[in-house]
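Read the structure below first, then the notes.
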Amino acid sequence: MVGMMGAGKTAVGQAVANRLRVPFLDSDEEIVRAANMSIAEIFERDGEAFFRDRESEVIGRLLDTQRAVLSTGGGAFMSERNRQMIAQRGVAVWLKADLDLLWARVRHKDTRPLLRTPDPKATLTDIYNTRVPVYAKADLAVEAQRDYSIAEMADAVVAALLTRPDVLEET
């Protein structure tokens, strides 16, 4: 799962993993567990470049595990190295949400270190405009709708995955 913060990568990824009866893995959770601190704390203490290096290491390790659904951090897919690892070992599914939906989901959360700015909506807009062309390189895109439940988004992801019989076959 790739996409912007607030796109639903964790919630939808967990639902897809449950539906497919495979483990759910979250690269951000793995980083937090290994560092014993939050992502915001890692950003503050060590900087974004340090975090991105650890993120690539964790994604590589997780991609080498059993079949699973992997949720990546919002910025992970921006790395060419990460995109190549994902392409070689899996399939990237972009949860494509529009800016208004993303803002509605993240505006009241203080767990987003990149949005700790004087104008978080403008920051989110800048990040969105920078990342969308890169997310568009994902193998599959699933459009998020404001009125979709997590289960409906999971259904849409599974339907998209079924278009790739090399990844998922209907049973």
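Where a number appears in this text, it was derived from the coordinates with a stated rule and is not lab data. Not measured: the values here are computed from a predicted model. For neighbour counting, all protein chains shown are included, and Cβ atoms are generated from backbone atoms with ideal geometry for every residue, glycine included.
Side notes on the structure shown:
- Residues E55, E152, sorted so that the one with the fewest Cβ neighbours within 10 Å comes first: E152, E55
- Taking other C-beta atoms within 10 Å as the exposure proxy, S56, S71, S149 rank S149, S56, S71 from fewest upward.
- Note on Cα extents along the principal axes in Å: of the candidates [x] 64, 38, 33; [y] 50, 35, 25; [z] 51, 45, 32, the value calculated from this structure sits at [y].
- Dipole check for the range 1-159: with +1 at the C-beta of Lys and Arg, -1 at the C-beta of Asp and Glu, and the Cα centre as origin, the magnitude is about 220 Debye.
- Helix 150-161 axis versus longest C-alpha principal axis of the chain: approximately 60°, rounded to the nearest ten.
- Relative contact order, whole percent, for the chain stands at 31, derived from Cα pairs under 8 Å and 6 or more residues apart.
- For the range 13-52 versus the range 90-169, the inter-centroid distance based on Cα atoms is 16 Å.
- Value of [θ]222 nm, deg cm²/dmol, for the chain, DSSP H segments ≥ 4, -39500 (n - 2.57) each, nearest 500: -16500 deg cm²/dmol
- A cut-off of 5 Å between modelled amide H atoms, ignoring neighbours fewer than 5 places along the same chain, links A92 with D139, L140.
- Derived scalar couplings ³J(HN,Hα) [the range 84-91; Karplus, 6.51 cos²θ - 1.76 cosθ + 1.60; whole Hz; x for Gly, Pro]: 5, 4, 5, 5, 6, 10, x, 9
- Most positive-pole-ward Cα, N129, L140, A151, against dipole of the range 119-158 from beta carbon charges: N129
- Converting phi to 3J(HN,Hα) with the Karplus coefficients 6.51, -1.76 and 1.60 and the offset θ = phi - 60°, the range 24-35 yields 9, 10, 10, 4, 5, 4, 5, 5, 4, 5, 5, 7 Hz in sequence order, with x at every glycine or proline.
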